[in-house]
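Colleague: I am attaching a structure below and will ask some questions about it afterwards.
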Amino acid sequence: MVRGPGVAHAVVDSLVSQVDLMPTTLDIAGLDPDAGRDLDGRSMLSGLTNGDWSSWRRRMLVENPHLGWAMLREGAIAYIEHHRNTEWELYDLVRDRHQLTSRRHADVRKLSERLGRLRQASGITLRAFED
């Protein structure tokens, strides 16, 4: 939830993360978020003020290195890899929004490859893989 002057009232289903807060704050302050920084997040200011999220990220990395897992969110898909035991989970969030039944027999090679690229990237390179 975001509220402020010039922020369009809307409910959106865009993939946002706490890493987007720093670039958004810099952008609000009139500073270029990429000037001298290699931030993983991106500024939400444009989408918040004009309501157009069409150029926003299409996929997102979420990970917990302490617990040994990483997740790729892409559209209605949540693909999770557990690195300590090489297991994975795949959920269709339209059919299974509470992630109760993993699609264990799915071919996840492309999803695993995308997740690997996201995990290895940072900054502008990471953002390019998200598009």
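Each reported figure results from applying straightforward, stated rules to the coordinates on display, with no laboratory input. All figures in this text were calculated on a predicted structure; none of them were measured in a lab. FYI the Cβ positions are ideal-geometry reconstructions off the backbone, even for glycines, and counts take in every protein chain you see.
Colleague: Using a Gaussian network model of the chain with C-alpha springs under 10 Å, which one of T101, T25, T86 is most mobile by mean-square fluctuation?
Modeller: The residue with the greatest mean-square fluctuation here is T86.
Colleague: Where is the GNM fluctuation largest for the chain (alpha-carbon springs, 10 angstrom cutoff): A29, A121, A78?
Modeller: With Cα springs under 10 Å in the chain, the top fluctuation among A29, A121, A78 is at A29.
Colleague: How far apart, in nm, are two points set 7 Å out from the Cα along the Cα-to-Cβ line at Q99 and at V7?
Modeller: 2.6 nm
Colleague: If you build the Cα gyration tensor of segment 59-130 and take the root of 5 times each eigenvalue, what three semi-axes come out, in whole angstrom, biggest first?
Modeller: 20, 14, 11
Colleague: Taking a temperature of 10 °C and a viscosity of 1.306 mPa s, what whole-number D in µm²/s does Stokes-Einstein yield for the chain with Rh from Kirkwood over alpha carbon pairs?
Modeller: 98 µm²/s
Colleague: Now for a separate question. For segment 1-56, state what percent of all Cα-Cα pairs lands in each successive 5 Å bin, counting from 0 Å until the bin that includes the largest distance.
Modeller: 4, 19, 31, 28, 13, 5, 1
Colleague: Then there's this: Quick one: compute the contact order of segment 1-56, relative version, from alpha carbon pairs under 8 angstrom and 6+ residues apart, as a percent.
Modeller: After rounding, I find 40 percent.
Colleague: With the contact rule set at Cα under 8 Å and sequence spacing of 6 or more, what percent relative contact order holds for the chain?
Modeller: 20 percent
Colleague: Restricting to Cα pairs below 8 Å that are 6+ residues apart, what does the relative contact order work out to for segment 59-130? Please round to a whole percent.
Modeller: Result for segment 59-130 is 23 percent.
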